[in-house]
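Some notes on the structure that comes next.
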Amino acid sequence: SQITTLINHKDKPKRSDKTLQAIQRVGQAVNLAVGRFVTVGEAIANENHELKEEMSIACIEARRAGETIAQLTDVANLDHPESDSHITIFTDKTGVVKAARLLLSSVTKVLVLADRIVIKQIITSRNKVLATMEQLEKVSSFQEFVQIFSQFGNEMVEFAHLTGDRQNDLKDEKKKARMAASRSVLEKCTMMLLTASKTCLRHPDCESARINKDGVFHRMRLALEQVIEIVTDSRPNGENEVAPISIYSGIKEFKNKVEGLRENLYFLSKENLSTMLEVILEHTEDFTDSAYTSHEHREHILELSKQAKMELEQLVSVWMQAQNQKTKDLMEDLEVAILKTCQCMNELKREVHSAATSLAADLLKYHTDHMVLKALKITGVEGNLEAVAEYTCKLSEQKEQLVEMCRLLRHVSGTEPLEITCIHAEDTFQVTGPQIVSAAETLALHPSSKIAKENLEVFCEAWESQLSDMSLLLREINDVFEGRRGEKRVYLSLPRPGKHNANLKALKPVKLDTEEQAKIAKLGLELHLLTSDVDSETEKWEDQDNEIVQHGQGMSSMAYSMYLFTRGEGLLKTTQDLFHQAEIFATEGTKLASALHAFSDQVPNDDKPLVLLEAEKLISVCKQLQITAKASVQGKSATFTKVDACILKTRNVMTLLCQLLPLCCKLLRKATGNGCLKPAPPWREDRIRTGTNTHTPERRADTFGIKSLENHVTNMTFLETK
């Protein structure tokens, strides 16, 4: 934008000092921005030797272009620049244009090279995860498993950071949704892999335990492969992805073609239009052939399908006549035929939407009690193989119902990201159902096995979680249909509004507009810098499992997601999401204050009042934030004021946190006589944070919940192998 300002400036005979100074400021701003950009590029080049030469050349070109622009705009002190021997923007405007072109091309080159490095990092991380998975698959002793799984956990954390960053950077909403689905699979499968592998080690001769474990490994490999497909924008063997066509997208395209006849009678053939309708009506057979579609809906869909054919026949007849003879009466008849055809398609769309959503609502309501899962757990512990077989049949029936529900919802989802979410949900039910069955069979064969019981619990939780997500998805689909929303929300670690605060139900979720983002940008940037400071402090602690460190890391992660919100990015999409995140952040701060009270007992008596004073300060600022976040507001202006106040008070908490962490580390070192610090890690630009979801009983320190897995591994005892 600065370069455009320079190139588009108007040449006037008289130039005021103010104009000259403004031009010089713009030129200097461009040069400084390029300098900062190039510094990062050079740092990346130094860490990636295979691209160092290309990156260095691009950085040199960019720096040279920036300096040229600064020289050509150095005009503030020239009274008569055109008569001076000094070449400026006024005497050589083409020089600025050339420098601008060089700058833009070199900056683009740096960005492309940096992107290649990021892709390589993700692929390398994936390869490490795959290699460790192979070791885990072949492991035969429990002790060896614990060691390798600890390494696997760290590698999955790194992969989570890299792919989370990439997901936020993706502009294509379809790819974003696919990435979210793959990362969701990896998140859930990581815990499944832990318990399924432990069960297999505990019962090495059990066939159902082996099938259960193999299923988890297979699904994780598929998810890892899909992430790489998205990142590299390629598919194995060069095959193209064939996206299934939904009824909604088919009707939308058909209507566009029909309405296009108003402008051009010859741009498509009647055969093309007839084929498009045939494809749509073929897809309606998914509804009419379904055993779960009500008789009333089936009859209405068949009736509307028949009517659509008749309306198209009438349209084609008038259309062909209008091509031969363009009279006023024929054009009026054509307009009527177009309107009637489109109206019929709208009614068909409404009918299939009603059929799919009413079925989904009924099924989700019916299965909320999870009776079949509860029965499987009970009969498994009793070792009742016959009863387990009976309830696995019922679960298979439930699975078929839910899979059919997902297929029908996909047809009416309204957007590509929601279509992808429906496909992901269908796959999840298809895979998780048989895995629950194999886990239940293993428990029934070994009813006294604690690990087999725990394994079944994990798979049942995944099923329940997917059902819960379906309720949110159904609401989203209805919102799109009714025109309330046009985008897909990613349900990875986004706090879910309304679950913990009754006041939220009265709020209308809104997003910040561009002007509001600009107003709050400075405050957001300060928050970003504070998260970096907090991360820097927590990384210095030797004991990363220290409660103070864990709370600090969680708060930093949430604050970073709030910073992303001020930029219109990240997982917090609406002001309502932000307010809920602020509440959780304040709660986490209160937990940290409790940890500080416990910590005060470990320090010398002289230092105890200092720790308690800081804890009280923290409680005070967190309470202020909580009150602000819970306050009910109405209207755009009041909502923005509340956003501003929440970010400001979050910044105050983070400022206090920056003082607390080094103080506690110093006091701990003093009390124990041991260093709590470790050397600072090497420069890393690829490290990202993602919003955490801390409203669950156990706080998740990262997107994949790896910290809880590491704790789980630590708590394993070799008694389980006996």
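The values are calculated or read from the model by the stated rules, or taken from the named source; none is laboratory data. Model, not experiment: these values are computed from the prediction. Cβ sites come from the backbone with ideal geometry, for glycine too, and all protein chains shown count toward neighbours. Accessible surface is based on the protein model in full, side chains and every heavy atom, while ligands, DNA and RNA are left aside. Shrake-Rupley method; radii C 1.70, N 1.55, O 1.52, S 1.80 Å.
Spacing of the modelled spin labels on Arg262 and Glu296, each 7 Å from Cα toward Cβ, amounts to 3.5 nm. Each eigenvalue of the Cα gyration tensor of the stretch 514-672, multiplied by 5 and square-rooted, gives one semi-axis; in descending order these are 31, 16, 11 Å.
A straight Cα-to-Cα reach below 16 Å connects Lys453 with the aspartates and glutamates Glu382, Glu441, Glu461, Glu720, residues fewer than 8 places away in its own chain not being considered.
Taking the stretch 135-232 as the region of interest, the number of lysine pairs whose Cα atoms are within less than 28 Å, with members eight or more places apart or on different chains, is 10.
Subtracting the Cα-Cα distance of Gln659 and Lys270 from 0.36 nm times their residue separation leaves 132.7 nm of extension gain.
Between Val336 and Glu569, the FRET efficiency from the beta-carbon distance, with R0 = 51 Å, is close to 0.60. Less than 5 angstrom separates the built amide H of Trp541 from those of Lys678, all sequence-distant by 5 or more or on a different chain. Calculated FRET efficiency, Ala389 and Lys522, Cβ-Cβ r, R0 60 Å, to nearest 0.05? E(calc), rounded to 0.05, equals 0.40.
For the pair Val146 and Glu347, the difference between a 0.36 nm per residue extended length and the Cα-Cα distance amounts to 66.5 nm.
Listed by chain and number, the aspartates and glutamates placed with their C-alpha closer than 18 angstrom to that of Lys52 are Glu42, Glu61, Asp115, Glu685, Asp686; residues fewer than eight positions away on the same chain are left out. Note on Thr19 and Lys98: the model spin-label points, each 7 Å out from Cα along the C-beta direction, lie 2.5 nm apart.
Once the chain from Lys171 to Ser468 is taken as fully extended at 0.36 nm per residue, the excess over their C-alpha distance is 104.2 nm. Shown here for the stretch 520-587: chymotrypsin sites (Phe, Trp or Tyr not before Pro) in loop regions (DSSP other than H, G, I, E, B) with at most 15 other Cβ atoms within 10 Å, of which there are none.
Modelled spin labels at Tyr366 and Arg36, positioned 7 Å past Cα toward Cβ, are 5.9 nm from each other. Rg and Dmax over the alpha-carbon atoms of the stretch 232-349 stand at 17.1, 56 Å. Cross-linked pairs Lys252/Lys399; Lys270/Lys326; Lys540/Lys617: Cα-Cα separations exceed 22 Å for Lys252/Lys399; Lys540/Lys617.
Counting only protein chain heavy atoms and rolling a 1.4 Å probe, the accessible areas of Glu426, Glu42 rank, largest first, as Glu42, Glu426. Listed by chain and number, the aspartates and glutamates whose C-alpha is less than 20 Å from the C-alpha of Lys649, apart from same-chain residues fewer than 8 away, are Glu516, Glu526, Asp533, Asp535, Asp577, Glu583, Glu588, Glu614, Glu616.
What is the distance in Å between the Cα centres of the stretch 523-574 and the stretch 614-635? That distance is 18 Å.
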